[in-house]
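Here's the structure, in structure tokens; my notes come after.
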Amino acid sequence: MLEASSGFGTWGLYGVGVDQGSGRVRVVIAEDSVLLREGLTRLLTDLGHEVVAGVGDGEALVETVAKFAAEGALPDVVVADVRMPPTHTDEGVRAAVRLRKEHPGLGVLVLSQYVEEQYATELLAGSSRGVGYLLKDRVAEVREFVDAVVRVAGGGTALDPEVVQQLLGRSRQQDVLANLTPREREVLGLMAEGRTNSAIAKALVVSDGAVEKHISNIFLKLGLSPSDGDHRRVLAVLTYLKS
């Protein structure tokens with residue numbers, strides 16, 4: 001589970017890691033919008049950092065970093081949009097995940113229009129050192145954005161509060177379901193298929209009473225009280241489907 005550490009500027013960004021101080025950071029920017037790419041370059045250079053390359057798609061990003069690495073001049077950090085050409089779906093984040101595997105010392109900061117849990121989880125898998133995931137709205141706060149770039153370049157972490165909230169919420173859901181026994185998970189899965197208690201009993205070759213007991217245990221472990229009435233079954237299924 002993620003742990004939130006020291007607050008980060010006026011955003012309340014969650015950040016942990018190395019403080020680069022006033023040292024210059026070498027950056028590669030991957031953003032298909034030329035206007036935004038040039039804007040980010042200006043922000044960073046005006047505050048004393050060096051943008052060594054700017055590219056417009058994921059493939060070019062991987063190739064550019066590989067070229068610098070071959071020359072013994074690996075950049076400190078990559079700033080990449082999640083969605084880039086040709087399909088504008090996940091090219092940017094796929095390139096970022098690949099770069100983290102191929103160049104463990106490279107910091108990766110991903111920018112996204114919205115929180116996309118799958119991509120954030122994949123990016124953070126294995127290690128949260130030298131990684132960041134920010135919403136694009138945060139770029140408007142110039143100093144805080146540049147500080148996030150510097151922090152990630154130094155091996156630290158910079159996560160948007162909305163990203164943290166959603167990932168922690170997902171972790172809590174998974175933790176709750178982990179308390180269910182294998183049989184209870186089977187019963188909950190059949191409930192999610194819309195089966196009645198009798199149908200569940202028939203499928204599992206057990207008595208109706210056994211099914212009712214399993215369902216009562218499921219409600220208890222999921223924190224669904226009798227006051228929730230008939231909605232408990234719906235709420236239990238929703239928790240299962242969101243896990």
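Just so it is clear, none of the values below were taken in a lab; they were calculated from the coordinates. Just so we're clear, the structure is a prediction, and the values are computed from it rather than from any experiment. Neighbour counts run over all protein chains shown; Cβ positions are idealised from the backbone, glycine included.
Any idea what the dipole of region 9-160 comes to, in debye rounded to 20, about its Cα centre with Lys/Arg Cβ at +1 and Asp/Glu Cβ at -1?
Values: 15 positive and 23 negative charges, 72 e Å.
The calculation lands at about 340 debye.
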- Regarding region 179-242, what whole-number volume in Å³ per residue does the convex hull of its Cα atoms give? 76 Å³
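Taking the number of other C-beta atoms within 10 Å as the exposure measure, put Tyr114, Tyr119, Tyr240 in order starting with the fewest.
Tyr114, Tyr240, Tyr119
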- Query: Out of Ile215, Tyr240, Leu204, whose Cα points farthest toward the positive end of the dipole of region 179-242 (charges: +1 Lys, Arg; -1 Asp, Glu; placed on Cβ)?
  - Reply: Tyr240
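If I take R0 = 30 Å and measure r between the Cβ atoms of Leu235 and Ala178 in this structure, what FRET efficiency does the formula 1/(1 + (r/R0)^6) give, to the nearest 0.05? Display every interim value, and only then the final one.
Working: r = 18 Å, r/R0 = 0.59.
The formula returns an efficiency of 0.95 here.
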- Message: Which one, Val79, Val51, Val65, is farthest towards the positive end of the dipole of region 18-97 when Lys and Arg carry +1 and Asp and Glu -1 on their Cβ?
- Response: Val51
- Leading residue at positive end of dipole, region 9-160 (Cβ point charges), from Gly130, Thr89, Gly39: Gly130
- Query: What ³J(HN,Hα) values, in whole Hz, does the Karplus curve 6.51 cos²θ - 1.76 cosθ + 1.60 give for region 202-207 when θ = phi - 60°, with x put for Gly and Pro?
  - Reply: 5, 5, 9, 6, 9, 7
